[in-house]
Amino acid sequence: MRHLIDITDFTVDEITAVLDLADKMIANPADYRDALKGRILATLFFEPSTRTRLSFESAMLSLGGSVLGFSSADSSSTAKGESLTDTIRTVGCYSDIIAMRHPKEGAPMAGSFKSTVPIINAGDGGHNHPTQTLTDLMTIRREKGRLDKMVVGLCGDLKFGRTVHSLIGAMSRYEGVSFVLISPPELKVPAYITRELNDKGIPFTEVETMEEVMPQLDVLYMTRVQKERFFNEADYIRLKDTYILDPEKLRTAKADLSIMHPLPRVNEISVKVDDDPRAVYFTQVRNGRFVRMALIKTLLEDMA
Ligand code: CP
């Protein structure tokens, strides 16, 4: 039995296989209509979500399976003091696979130790979000035709943005990828990530404005400032609108730039950018359903 806690739990070849299967599913969804008939996915969301929870549920339903779960800790026995391990052991009696989101870093890994079914990390605090990364990799590969040889700009809250941490971990494994990290000093990527990039000899630069690097970028990955992770509201208010991408800032960008965002968006991309053919954030949303279909099927069948 395999879990997906960190994107590097899967080899590059295993990720390629999931992305290939997702491409087949997007091309011929009817072929997979009954693929997981009789199987049950549990979605345990201790933190709010729109895309991740609903795309997991849509994915399982599209494969002929069923879903159960909860969308907040308050509506589960966690509110009565039940431990995470007991919750996971219980839900494992009712389901074949669990997708779980939790505000505490490491909670899905802790849950996996006693789990009798595969656990998928659907986001743990400000740490990791590996299934968003599968969505992002699928989108980059479909847009660019490759995952290597490119300059990836990541902009916004690189400190608390879990999608950023997982995407750097994943893209670091492809030849010729370099990173441009765009953030205010207070929201730089954690030191463990830059240390790893240095250890592996992967090129990266850290800058404070997107204008100075825009012409270099093949991908611009915008992120929201993560209000829920701040200890001090005044700091959030000061930093929240540091970056607002608009058509003027894109004037010097490449014609084939891919503008990405894991969503939800607050203010960091003007709606005026939405009609730019380079904006692919709603394509990411669509791909998320198919890549999660491929992931669930892979964990329940190919890796079981
Ligand atoms: N991208 C993402 O994780 O969105 P949700 O928080 O809506 O699931």
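Values quoted throughout were computed directly from the atomic coordinates according to the rules given, and no laboratory measurement underlies them. Note that the structure is predicted; figures quoted are calculated from it, not measured. Positions of Cβ are generated from backbone atoms using ideal geometry, with glycine treated the same way; all protein chains shown enter the neighbour counts.
Ignoring aspartates and glutamates fewer than eight residues from Lys254 along the same chain, the ones with Cα atoms less than 18 angstrom from its Cα are Glu143, Asp148, Glu211, Glu212, Asp218, Asp246, Asp274, Asp275, Asp276.
Between the Cα long axis of helix 12-27 and the first principal axis of the chain there is an angle of about 80°, rounded to the nearest 10.
Any chance you could list the semi-axes, whole Å, largest first, of the equivalent ellipsoid that the Cα gyration tensor gives for the chain, using √(5λ)?
Numbers: eigenvalues 196, 101, 62 Å².
One finds semi-axes of 31, 23, 18 Å for the chain.
Under a 5 Å amide H cut-off, with hydrogens placed 1.01 Å from N, Tyr221 pairs with Gly153, Leu154, Cys155, Met260 among residues at least 5 apart or on other chains.
Test of the criteria: in the range 213-304, which GluC sites (Glu not before Pro) are in a DSSP loop and have at most 10 other Cβ atoms within 10 angstrom of their Cβ?
Glu248
Close amide H contacts of Ala279 (hydrogens built in the peptide plane, cut-off under 5 Å, sequence separation of 5 or more or a different chain): Ile259. Here is how the number arises for the chain: DSSP H runs of 4 or more residues each give -39500 (n - 2.57), the sum is divided by the residue count, and the result at 222 nm is -10000 deg cm²/dmol.
So which chymotrypsin sites (Phe, Trp or Tyr not before Pro) in the range 43-118 end up in coil per DSSP with only 16 or fewer other C-beta atoms within 10 Å?
Working: sites: Phe45, Phe46, Phe56, Phe70, Tyr94, Phe113; in loops: Phe46, Tyr94.
In loop regions of the range 43-118 (DSSP not H, G, I, E or B), the sparsely surrounded chymotrypsin sites (Phe, Trp or Tyr not before Pro) are Tyr94.
Go through Lys104/Lys188; Lys149/Lys188; Lys200/Lys297; Lys240/Lys297 and tell me which ones have a Cα-Cα distance over 27 Å in this structure. Walk me through the numbers on the way to the answer.
Details: Lys104/Lys188 20 Å; Lys149/Lys188 24 Å; Lys200/Lys297 33 Å; Lys240/Lys297 39 Å.
Listed pairs above 27 Å: Lys200/Lys297; Lys240/Lys297.
Just checking the listed ones, Ala42, Ala27, Ala110: in the Gaussian network model of the chain with Cα springs under 10 Å, the one fluctuating most is Ala27. Calculate I(q)/I(0) for the range 70-218 by the Debye formula, one identical point scatterer on each C-alpha and no solvent, and give its log10 at q = 0.10 Å⁻¹ to two decimals. Results for the range 70-218 at q = 0.10 Å⁻¹ read -0.44.
What trypsin sites (Lys or Arg not before Pro) does the range 198-281 have in DSSP loop regions with at most 14 other beta carbons within 10 Å? List each step's numbers first, then the result.
Numbers: sites: Lys200, Arg224, Lys227, Arg229, Arg238, Lys240, Lys249, Arg251, Lys254, Arg265, Lys272, Arg278; in loops: Arg224, Lys240, Lys249, Arg251, Lys254, Arg265, Arg278.
Within the range 198-281, the qualifying trypsin sites (Lys or Arg not before Pro) (loop, at most 14 other Cβ atoms within 10 Å) are Arg251.
Taking Cα atoms only, the orientation of helix 162-171 departs from the longest principal axis of the chain by about 80 degrees. Note: relative contact order over the chain, using C-alpha pairs below 8 Å and six or more positions apart, is 20 percent.
Let me make sure I get this right: for the range 1-159, a, b and c are the square roots of the gyration tensor eigenvalues over alpha carbons, sorted descending. Under 1.5 in a/c it's rounded, otherwise prolate if a/b > b/c, else oblate. Which is it? Walk me through the numbers before you get to the answer.
Values: a/c = 1.97, a/b = 1.30, b/c = 1.52.
Oblate, because a/c is 1.5 or more while a/b does not exceed b/c.
Each Cα pair under 8 Å and six or more residues apart adds its sequence gap; the mean of these over the residue count of the range 144-247 is a relative contact order of 36 percent. Residues whose amide H falls under 5 Å from that of Ile269, counting only those 5 or more places apart or on a different chain, are Leu245, with hydrogens built in the peptide plane. Helix 191-200 axis versus longest C-alpha principal axis of the chain: approximately 80°, rounded to the nearest ten.
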